[in-house]
1. Among the residues of region 189-230, which ones are away from the ligand (no atom under 16 Å from the Cβ) and closer than 30 Å to residue 47 by Cβ?
2. Among the numbered conditions (1) surrounded by fewer than 23 Cβ atoms within 10 Å (Cβ to Cβ); (2) under 26 Å from residue 379 (Cα atoms), tell me where residue 265 comes up short.
3. Name the residues in region 96-122 that are assigned to a loop (DSSP other than H, G, I, E, B), within 13 Å of the ligand (Cβ to nearest atom) and touching a strand residue (DSSP E or B) at 6+ places or on another chain (Cβ under 9 Å), would you?
4. Do we have any residue at all in region 321-332 that's within 28 Å of residue 205 (Cα to Cα), over 22 Å from the mean Cα position of the chain (by Cα) and not in a helix (DSSP H, G or I)?
5. Considering (1) closer than 20 Å to residue 165 by Cα; (2) within 15 Å of the ligand (Cβ to nearest atom); (3) crowded, with 23+ Cβ neighbours inside 10 Å, say which one residue 233 fails and leave the rest.
6. Being touching a strand residue (DSSP E or B) at 6+ places or on another chain (Cβ under 6 Å), more than 14 Å from the ligand (Cβ to nearest atom) and either assigned to a loop (DSSP other than H, G, I, E, B) or not assigned by TED's automatic domain parsing to the domain that holds residue 15 (or both) is the requirement here; does residue 134 meet it?
7. With within 16 Å of the ligand (Cβ to nearest atom), over 17 Å from residue 168 (Cβ atoms), buried (at least 20 other Cβ atoms within 10 Å of the Cβ) and in contact (Cβ under 8 Å) with a residue 24 or more places away in the chain as the only criterion, which of 125, 91 stands out?
8. Would it be correct to say that residue 248 is closer than 25 Å to residue 92 by Cβ, crowded, with 20+ Cβ neighbours inside 10 Å and more than 16 Å from the ligand (Cβ to nearest atom)?
Ligand SMILES: Cc1ncc(COP(=O)(O)O)c(C=O)c1O
């Protein structure tokens with residue numbers, strides 16, 4: 001039977017992360033690996049979901065009110081005018097919105113530019129749609145965009161470019177200067193931009209979140225994807241969206257209907273409450289995460305990891321193994337699980353180019369309860385030598 005599998009299915013291999021997860025579960029390790037919260041979702045949003053279920057929102061459903069609220073959000077955050085009837089497709093999370101966007105725009109052989117390191121699902125979705133991912137390495141330690149490398153990535157086959165800001169795994173937030181460079185190439189090379197803005201509200205140190213779509217001439221060539229998942233700590237609810245020019249939004253909706261029909265009805269209803277959250281909600285989301293970031297950053301530096309780049313957004317720290325330590329990222333995480341009882345993610349899974357430091361980074365997630373973070377700190381501190389560094393570093 002195996003020979004009957006499609007070539008794309010054969011190419012999808014379990015990552016080293018999955019094996020480490022098994023080891024972590026067996027060792028009952030404190031989990032700083034997974035990019036989702038281990039604390040409760042806001043009660044006003046949960047109450048709305050419970051009420052939707054008791055009110056029998058059980059059938060296939062498109063909740064137009066979500067589109068209306070997204071229109072207000074796009075205007076308020078980015079000054080964009082979006083038509084609620086034509087320019088938005090509600091999907092099952094950003095993941096489906098992104099996949100549907102790829103199926104909506106990619107023909108076999110079309111090239112799609114991505115930055116490296118990057119969130120793993122983009123490349124796979126591009127391949128499934130018949131496209132060719134073309135990676136442009138960002139330069140450590142600050143994950144700087146090299147304009148020349150970006151320019152070299154464009155060919156006559158380039159159809160689209162993917163931008164994830166705030167960025168998983170590094171916590172980078174692309175600044176205005178970089179966005180202008182990207183926008184300039186998109187305009188001059190007639191390239192579609194697909195943005196992933198799931199961390200749009202999780203951003204620190206008063207840095208603004210700028211959508212690429214808000215730059216001159218970009219709205220008509222940008223597909224914005226995002227979701228409820230990270231902003232409202234409900235990654236399992238599977239409600240997201242794609243916003244773009246009406247012909248693209250309509251194509252994405254058509255793909256979405258063929259693949260999943262609709263996002264979960266009760267959670268779409270609850271999205272109405274989530275998207276109406278008061279400004280204070282977003283302020284406390286940021287401040288809570290900022291203090292978690294600072295706590296973990298201090299801990300990782302103290303035990304000997306190198307964090308030159310302080311994340312400005314998302315809820316990850318991409319820490320480097322110091323040069324004096326010869327362990328690879330996977331070996332480091334194995335030791336962290338077995339000896340300290342803490343699990344994080346080896347960085348190699350996020351790299352796709354021949355990056356000379358592709359196995360030197362570890363991703364730690366701080367979207368965790370303070371008790372989880374404190375417990376990780378205790379466990380790691382029990383394993384330090386006289387100089388205060390982790391013994392195996
Ligand atoms: C950059 C990024 N995009 C998208 C997702 C998934 O979003 P969703 O739950 O809306 O599918 C994640 C989850 O980790 C992510 O880190």
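1. 204
2. For residue 265, the failing item is (2).
3. Correct list: 117, 118, 119.
4. yes
5. Here residue 233 clears every test but (3).
6. Judged against the criteria, residue 134 is a match.
7. Of 125, 91, the one residue that is within 16 Å of the ligand (Cβ to nearest atom), over 17 Å from residue 168 (Cβ atoms), buried (at least 20 other Cβ atoms within 10 Å of the Cβ) and in contact (Cβ under 8 Å) with a residue 24 or more places away in the chain is 91.
8. yes
The values are calculated or read from the model by the stated rules, or taken from the named source; none is laboratory data. Just so we're clear, the structure is a prediction, and the values are computed from it rather than from any experiment. Heads up, the Cβs are rebuilt from the backbone with ideal geometry, glycines too, and the neighbour counts pull from every protein chain shown.
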